[in-house]
1. Using helices alone, I'd like the mean residue ellipticity at 222 nm for the chain: each DSSP H run of four-plus residues gives -39500 (n - 2.57), total over residue count, nearest 500.
2. Would you list ASP121, ASP12 from fewest to most Cβ contacts within 10 Å?
3. Please report the orientation-averaged projected area of the chain, defined via the convex hull of its C-alpha atoms, in nm².
4. I want to verify a result. In a Gaussian network model of the chain, Cα cutoff 10 Å, which of these has the top mean-square fluctuation: GLY175, GLY128, GLY142?
5. Treating only the Cα positions of region 1-100 as identical point scatterers, give the base-10 log of I(q)/I(0) from the Debye formula at each q in 0.17 Å⁻¹.
6. Run through all the Cα pairs of region 108-149 and give the fraction in each 10 Å bin from 0, expressed as whole percent.
7. From the mean inverse distance of alpha carbon pairs (Kirkwood) and the Cα radius of gyration, derive Rg over Rh for region 55-159.
8. Which whole-Hz ³J(HN,Hα) couplings does region 98-114 yield from phi under the Karplus relation 6.51 cos²θ - 1.76 cosθ + 1.60, θ = phi - 60°, glycine and proline marked x?
Amino acid sequence: MNHRHLLPNEIDLLVDGEVGFGVAPLQAHIAECAHCRSELEEARQIAALLEELPRFAPSYGLADRVMAQVPVFVPWHVAARDALRGLVPQSRPLRAMALAGGTSFAAVLSAALLWVLARGDLASLAGGLAGDRVRLAVESGGRVIIGSLLGEQAFVAIAQAGTGAVALAAAGFLGAAAVALIGLRKLATASRRAS
């Protein structure tokens, strides 16, 4: 006699009336084990009761209503394409008018850009202004971040040290972090080997 009771999936095989290589030992066990025989009989009664239940079909449109509530990830390029399709007119004459208007706008914008680029002094002035604005934005953002983390005196010290000292300090920090990471990795490898 087998010293273990049948598992639920083995009882399911017998309830379903499966035949095959592995079923004969299960049936032999059922013939000898009163506990498993009662479990099998109970499972057969439950299966018979389930068969007597009425069959229900879902209402028409249930799948559509359920899927309408399921959040579906839409890639950005598909969302952009669908948004652009919504902007394109459906009728042929309106589409031709939209194409003519878009082409005219692109031509005027290109001509204006070429005119600005042809004037070197105007382009350098615009580039200088943009560079100054970016530098000021980065500086004020850095001041807020460093001031929040390390205090206002740290920002003043960094500003007085200059970009070379800041780059050297950042390189030193990254080097120390790399050495610490390598050391921790070697320590973990050594402890794994020891255990």
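Please treat every number below as a calculation from the coordinates, not as lab data. What you see is a predicted model; the values in this text were computed from it and never measured. All Cβ positions, even for glycine, are placed from backbone atoms using ideal geometry, and neighbour counts span all protein chains on display.
1. -27500 deg cm²/dmol
2. With the sparsest Cβ surroundings first, the list reads ASP121, ASP12.
3. Projected area, direction-averaged: 31.7 nm².
4. Comparing GLY175, GLY128, GLY142 in a Gaussian network model of the chain, the most mobile one is GLY175.
5. With no solvent term, the Cα-only Debye profile gives -0.88.
6. 27, 30, 21, 15, 7
7. Ratio value, two decimals: 1.29.
8. Once θ is set to phi - 60°, the couplings for region 98-114 become 5, 5, 5, x, x, 5, 4, 4, 5, 5, 5, 5, 5, 5, 5, 5, 5 Hz.
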